[in-house]
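Have a look at the structure below, then the notes.
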Amino acid sequence: MFASRHLRRLLLVLFAGLLAYSNSYDCSFHFDDFRNIVCNSAIREPASILFPESAGYSSEQIKELRLRPVGFLSFALNLKTGGLDIFGFHVLNFVIHYINATLVYFFVLLLLKYQNMKENSANFAKQETGILLCPENLAFSVSIMFILHPIQTQAVTYI
């Protein structure tokens, strides 16, 4: 029962995110994507991202690879699995975003449960209407806001 409450809420977050970003999976490469993905020889070989000094890159390329190793490794993984097919890049971005929304849900839930235990109260808060604002509902609300907020659009739709 405990897990099913959380599972239902997280499935609603997933559904809301899929619905919100459903029109972005075929967007093309933009801005620095050509330099970082299409024309970047470093992501063709993932080992060169981890050890760029041994691959013979310029100091500028080494500096860039050192600043964003996780991003470049995800580009390399996408390139190995699906080539330059844009759909795979967007799916990975959404999966990462959904994982973060799930982490936000459990983080807020943990904070509210701790506060609830600290206050030694069975109820977290009550509105004047008498509707109980349980920690799960508040965590769900924050998670929905995180996944749907317009400021997150760049993180999901751009590569």
| Can you find a residue in the range 19-35 that is within 18 Å of the chain's Cα centre (by Cα), at pLDDT 85 or above, open to solvent by 80 Å² or more (accessible area, probe 1.4 Å) and under 30 Å from L138 (Cα atoms)? | yes
| When you scan the range 54-76, how many residues do you find that are exposed (fewer than 15 other Cβ atoms within 10 Å of the Cβ) and of a type in the set (A, V, I, L, M)? | 2
| request: Quick one: which residue in G71, G17, G83 is of a type outside the set (K, R), out of contact with any Cys (no Cβ under 6 Å at 6 or more places or on another chain) and on the phi > 0 side of the Ramachandran plot? | output: G83
| field | Yes/no for F51 being free of Cβ contacts under 8 Å to residues at least 12 places away in the same chain, open to solvent by 30 Å² or more (accessible area, probe 1.4 Å), closer than 14 Å to Y158 by Cα and among the aromatic types (F, W, Y) | value | no
| said: Out of everything in the range 80-130 that is small (G, A, S) and surrounded by 10 or more Cβ atoms within 10 Å (Cβ to Cβ), what residue ends up being modelled with the highest pLDDT? | reply: A101
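The values are calculated or read from the model by the stated rules, or taken from the named source; none is laboratory data. Quick caveat: nothing in here was measured; it's all calculated off a predicted structure. Glycine gets a Cβ as well: all are built from the backbone with ideal geometry, and neighbour counts include every protein chain shown. Accessible surface areas use protein heavy atoms only, side chains included; no ligands, DNA or RNA. Shrake-Rupley method; radii C 1.70, N 1.55, O 1.52, S 1.80 Å.
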